[in-house]
1. How much length, in nm to one decimal, is gained on full extension between L175 and L354, taken as 0.36 nm per residue of separation minus their Cα-Cα distance?
2. From Cα coordinates alone, what are the radius of gyration and Dmax values for region 193-283 in angstrom?
3. Would you please classify the overall shape of region 73-212 from the alpha carbon gyration tensor, given that a ≥ b ≥ c denote the square roots of the eigenvalues, rounded means a/c under 1.5, and beyond that prolate means a/b larger than b/c while oblate covers the rest?
4. Highest mean first, what order results for 317-328, 228-239, 135-146 on Cβ atoms within 10 Å?
5. Please report Rg (one decimal) and Dmax (integer) in Å for the Cα set of region 80-384.
6. Beyond 28 Å between alpha-carbons counts as too far, so tell me which of K190/K381; K223/K245; K150/K381; K278/K318; K178/K364; K245/K278 fall in that bin.
7. If you restrict to DSSP beta bridges whose two residues both lie in region 80-384, what percentage is antiparallel, to the nearest 5?
8. Please compute the length gained on full extension between N242 and F188, using 0.36 nm multiplied by the number of residues separating them and subtracting their Cα-Cα distance.
Amino acid sequence: MAYYCLFVSFLASSGFIIFTCQRVGRINVIDFMTVVQEQDSSTAFADLRTASVENPEQVCHEVEGAEFRIFCPFFQIVTDPQVLHAPEDWITRLAARFSWLDSITAEQDSRSVETRSQAAYFEFLEMYVTGLCFGAAEYSIEPSFGPPTKVALNEDRRRGGLDWAYLGDTMTGSLRIKSVRGLLQDVFSKNISGHFIETGVWRGGMSIFARGVIRAMNQTHRKSFVCDSFRGLPPGDRDLDNQDKGWDNMPYLAVADEIVAGNFKAAGVLDPNVIFVKGFFKDSMPELAKMIDSLAIMRLDGDMYESTVDVLYHLYGKLSIGGYVIMDDWTGFPSRTACLDFFSAHGISPSVILVDDLSAYWQKNEHVDIQYWRYEQLKFKSEA
Ligand SMILES: C[S@@+](CC[C@H](N)C(=O)[O-])C[C@H]1O[C@@H](n2cnc3c(N)ncnc32)[C@H](O)[C@@H]1O
């Protein structure tokens, strides 16, 4: 049973916020009565955590607006089991094992114990999120509109991200996971500032993997934004592209926020810097953009034209020079058309690098003035 427990208003640094705190079972929710205006990004998420730490009985992890909500479920997922150890524990344990092995074996490895421990953990986590760790218990779901169909697992298709996982937490496949790991390591080594965001997370497996890398490599000052409707793809009724219809008829892609947060907890990577953003991107991205200072990696996996322009027009300006955009759906998807139109409309032609048969990424090498009027007028084609 839900009941309102608090009604508070306060002045943020540059925006006036009124919110209510609502108790739903064991979950406390803050409802934004007016949408955050021009809020300073340094305080936007700190407010959430301060509330949690100072008053654990009334933690306000969830911020809900009329159209979307932002929440950090770190303290509230108390009943879900944690299946895996935290990344830091894995690294410590593996490092002890490597050190001992080094002391008793003749072969010397030129890589440091830390590097080998991280690499071993990443291989392990990859097998977990892809579902390949489940062996004969894992199956494939054939990508299709309508009800899901279960077939025998083909490991090659799973590695290439060509099927949908049955027990696994991601459908992106091993090659794309290794690529994300490489891009994260690249931005860390070059000190490219900013957070990680995935728009379109399904069960959360790719973002879980990325959080594992962020933590194992001591980059926990970077947030992970986990963005989804958590109820599937939108109806495509904005008529932005003629390939945008029908995507809402895929019930297998609708995974509730509580389940995704539970998947983070199970994998040992749920922490206060994992921020869930719930809502269709057309509603969530304009507000989220006001709260984010910079991004190092943007991973777009929303398949559709509209799901791509909603993110690019609001967040590409936040991407640091040297940062990356990963397009999960490049070959044969309307999201690719959206990117090509975005390039053309902004007079840029970045080198797009293919990861596997479906996926690609590019590096941002120049400042781009976002032609936001195009978004407001829905004129995404450069000739418009
Ligand atoms: C192909 S799945 C993502 C797969 C995921 N990245 C993984 O690692 O397995 C697409 C996801 O995008 C979400 N999505 C697509 N378009 C969206 C939109 N416009 N707003 C919110 N969520 C969207 C769907 O709900 C779905 O969870």
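1. On the way: separation 179, 0.36 × 179 = 64.44 nm, distance 1.08 nm.
Contour length minus the Cα-Cα distance gives 63.4 nm.
2. Rg then Dmax for region 193-283, in Å: 14.5, 44.
3. On the way: a/c = 1.77, a/b = 1.54, b/c = 1.15.
It comes out prolate by the Cα gyration axes.
4. Values: 317-328: 20.8, 228-239: 18.2, 135-146: 13.2.
Top to bottom by mean Cβ count within 10 Å: 317-328, 228-239, 135-146.
5. 19.5, 69
6. Values: K190/K381 35 Å; K223/K245 33 Å; K150/K381 39 Å; K278/K318 20 Å; K178/K364 20 Å; K245/K278 22 Å.
Pairs exceeding the cut-off: K190/K381; K223/K245; K150/K381.
7. On the way: 11 of 30 bridges.
Percent antiparallel among DSSP bridges in region 80-384 is about 35.
8. Here the segment from N242 to F188 would lengthen by 15.5 nm.
Rule-based calculations on the coordinates, nothing more; no lab input. Not measured: the values here are computed from a predicted model. Note that each Cβ is placed from the backbone with ideal geometry, even for glycine, and that neighbours are counted across all protein chains shown.
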